[in-house]
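Structure record follows, encoded as structure tokens.
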Ligand SMILES: Cc1cc2nc3c(=O)[nH]c(=O)nc-3n(C[C@H](O)[C@H](O)[C@H](O)COP(=O)(O)OP(=O)(O)OC[C@H]3O[C@@H](n4cnc5c(N)ncnc54)[C@H](O)[C@@H]3O)c2cc1C
Ligand SMILES: Cc1cc2nc3c(=O)[nH]c(=O)nc-3n(C[C@H](O)[C@H](O)[C@H](O)COP(=O)(O)OP(=O)(O)OC[C@H]3O[C@@H](n4cnc5c(N)ncnc54)[C@H](O)[C@@H]3O)c2cc1C
């Protein structure tokens, strides 16, 4: 295995956990690696030693090798520092492919790495394949999600950021074996970043909920969103919004669905008083079932929905709560 | 403060037609506009100049018609505007775009701050900002939603990373990529537009950067990635069941069954 070329996943360690996108990359990465005869490695940079138990999970989910580099300055997201450390550590000679989760941090870190290595980078991929010539075919939405571009690179490593929740998690197999190495590294401090502090966790995470109850401009006040929350609670779901609501300052931007917000793919998506602009559809059109409620029967959201209910959300939501709530 | 704003001209996304059968983008079907996020970048730059003095330069790489984007930048407050245009620059991916933009930035002056949009609405990669910073060997902050303080010596911004909001304070030089949340761009007044007419769009071609970049490092030749194929996905047409105004009760009852079948109802 030592002389095999590598497919490397650069993992994000944040919120005291290996980011879940890494386990999706392991699924895709394992298939690509087998097809192209590569070994599959994961590189993690973290502030503290991560327990072996957690690192072993990466092996169980498909990695042949896990490398952890440790430095206390990895406790906050400083792209400049991570980039320097990773470039220092990597031996690019055997690198065939690098995959990075397309989280904000991944999309901010990967471009600098690629530019420093003078190699191509494909953004926010939703599909990856090994082409007949053995190279990596990278497929990604562009033009505000209207098209899919098929992209190739003529440099090595071939690098891509990959969208979260696009692939399913790798299957866990406790009998899998692999190598784990841990190295404490030293780093020069980044003098340009004078201060960094976490101001808040994004408490709202709408991307993982099975039911999303979304409201748009048809919802008039902050108070009215309580009604949507009550409906969401029935399904153990979350409340989300269109951008207009964020612009009006009624709800925080973490709950915005769409092109410049979050992408969601729940089992059930309610759209109350949302017109269905292309930028909104970009964030929710792949939901399993879409229910739209709108006073305007010509609203574009109706075309994207499975169930289109013409009517006033102020009458329909209370009625739904009454009928759906277990008394 | 010397501020550089990176601006890209993009098709009016609302109007572009996509031909699913031929797998084509019909750019002629739409006009062009300034990438929406770049207007937020420009607004931020103008606000900082209003507070601290200095000057705002706008730079774009693109075909000749991108002049109109720079005219708009001037109307919205840019003091000087530059167009990088040359057939050698054509076909660039983000690496060679960033290589040329950073070389031009070096040539044009000593910028304290460079501001770009979060992403473009056509190429959509969000890579040009961070890669330009890498070529200039400076720090960057991406996804900036707020500038909480700014002075001659340092700037503090909010950015969302690691599923949290971080406040970061940097000294200069620095590159920012900004989101729509940052501000609401002001519309240019009639007077601004008149003034902008007189501002000359200064053109830069390959000659301007040739001391820094070889021909093989720019445009298509300098691009490690290429678009092999474009697929326009068929619109996912759902079979929509419509309930009109008088069928609300039935709709709510039908849905109850569907929700139960999906196991989504409260246990
Ligand atoms: C670069 C860019 C990025 C963008 N990114 C996003 C994004 O990420 N997410 C996003 O959402 N938007 C985004 N937008 C904005 C988008 O174009 C639309 O402006 C926005 O989605 C409209 O929000 P809305 O549907 O809530 O409001 P509107 O378009 O105003 O629609 C309100 C709807 O509510 C209906 N209604 C009114 N009252 C009632 C009632 N009592 N009961 C039932 N229905 C009622 C109306 O008939 C109407 O259809 C972006 C735009 C640009 C240019
Ligand atoms: C369908 C399609 C897919 C593509 N996919 C990739 C890919 O995955 N990887 C890749 O390397 N290239 C890709 N490209 C090429 C890429 O779009 C171009 O290099 C483009 O010139 C810059 O990238 P962007 O539009 O993604 O900009 P982004 O990086 O999204 O733009 C961010 C900001 O950078 C600034 N900026 C961007 N371009 C310019 C410019 N020309 N002049 C001044 N400022 C600018 C603006 O401030 C802008 O808001 C693709 C092109 C197409 C048509």
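The values are calculated or read from the model by the stated rules, or taken from the named source; none is laboratory data. None of these values were measured; they are calculated from a predicted model. When we count neighbours, we look across all protein chains shown, and the Cβ atoms used for this are built from the backbone with ideal geometry, even at glycine.
Couple of notes before you dig in:
- Leading residue by the ranking (nearest to the other protein chains (Cβ to nearest Cβ)) among those in region A:284-296 that are near ligand 1 (Cβ under 6 Å from one of its atoms) and buried (at least 21 other Cβ atoms within 10 Å of the Cβ): A:293
- Yes/no for residue A:303 being more than 7 Å from chain B (Cβ to nearest Cβ) and in a helix (DSSP H, G or I): no
- Residues in region A:150-177 that are surrounded by fewer than 22 Cβ atoms within 10 Å (Cβ to Cβ) and closer than 25 Å to residue B:27 by Cβ: A:150, A:152.
- Only one of A:258, A:218 that is more than 11 Å from chain B (Cβ to nearest Cβ), away from ligand 2 (no atom under 16 Å from the Cβ) and surrounded by 22 or more Cβ atoms within 10 Å (Cβ to Cβ): A:218
- Residue match in region A:134-143 (condition: within 24 Å of the chain's Cα centre (by Cα) and within 7 Å of chain B (Cβ to nearest Cβ)): yes
- Residue check, residue A:50 modelled with pLDDT of 95 or more and surrounded by 18 or more Cβ atoms within 10 Å (Cβ to Cβ): no
Listed here are the residues, each with its yes/no results for (1) surrounded by 11 or more Cβ atoms within 10 Å (Cβ to Cβ); (2) touching a residue at least 24 places away in the same chain (Cβ under 8 Å); (3) at the interface with chain A (Cβ under 8 Å from one of its Cβ atoms); (4) out of contact with any strand residue (DSSP E or B) (no Cβ under 9 Å at 6 or more places or on another chain).
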site: B:202; (1), (2), (3), (4): yes, yes, no, no
site: B:205; (1), (2), (3), (4): yes, yes, no, no
site: B:213; (1), (2), (3), (4): yes, yes, no, yes
site: B:219; (1), (2), (3), (4): yes, yes, no, yes
site: B:228; (1), (2), (3), (4): yes, no, yes, no
site: B:238; (1), (2), (3), (4): yes, no, yes, no
site: B:245; (1), (2), (3), (4): yes, no, yes, no
site: B:259; (1), (2), (3), (4): yes, no, yes, no
site: B:262; (1), (2), (3), (4): yes, no, yes, no
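- Scanning region B:97-108 for residues that are crowded, with 24+ Cβ neighbours inside 10 Å and within 7 Å of chain A (Cβ to nearest Cβ) turns up at least one hit.
- Single unsatisfied condition, residue B:135 versus (1) out of contact with any strand residue (DSSP E or B) (no Cβ under 6 Å at 6 or more places or on another chain); (2) in contact (Cβ under 8 Å) with a residue 40 or more places away in the chain: (2)
- Spans of strands (runs of 3 or more DSSP E) in region B:117-195 with at least 1 residues surrounded by fewer than 17 Cβ atoms within 10 Å (Cβ to Cβ): B:139-150, B:154-161, B:164-171
- When B:102, B:120 are screened for being touching a residue at least 12 places away in the same chain (Cβ under 8 Å) and away from ligand 1 (no atom under 16 Å from the Cβ), only B:102 passes.
- Residue count for region B:1-21 satisfying the condition of being within 11 Å of chain A (Cβ to nearest Cβ) and either more than 13 Å from ligand 1 (Cβ to nearest atom) or surrounded by 17 or more Cβ atoms within 10 Å (Cβ to Cβ) (or both): 8.
- For region A:149-191, a residue qualifies if it is away from every other protein chain (no Cβ under 14 Å) and out of contact with any helix residue (DSSP H, G or I) (no Cβ under 9 Å at 6 or more places or on another chain), and the qualifying residues are A:181, A:184, A:186.
- Restricted to strands (runs of 3 or more DSSP E) entirely inside region B:32-98, those with at least 2 residues that are more than 16 Å from ligand 1 (Cβ to nearest atom) are B:55-61, B:80-84.
- Every residue from region B:101-137 that is near ligand 2 (Cβ under 7 Å from one of its atoms) and at pLDDT 95 or above: B:101, B:116, B:117, B:118, B:119, B:120, B:125, B:126, B:127, B:128, B:129
- Criterion violated by residue A:38 - all others in (1) away from every other protein chain (no Cβ under 14 Å); (2) crowded, with 20+ Cβ neighbours inside 10 Å; (3) in contact (Cβ under 8 Å) with a residue 60 or more places away in the chain satisfied: (3)
- Qualifying residue in region A:233-244 (condition: within 11 Å of chain B (Cβ to nearest Cβ) and within 18 Å of residue B:158 (Cα to Cα)): no
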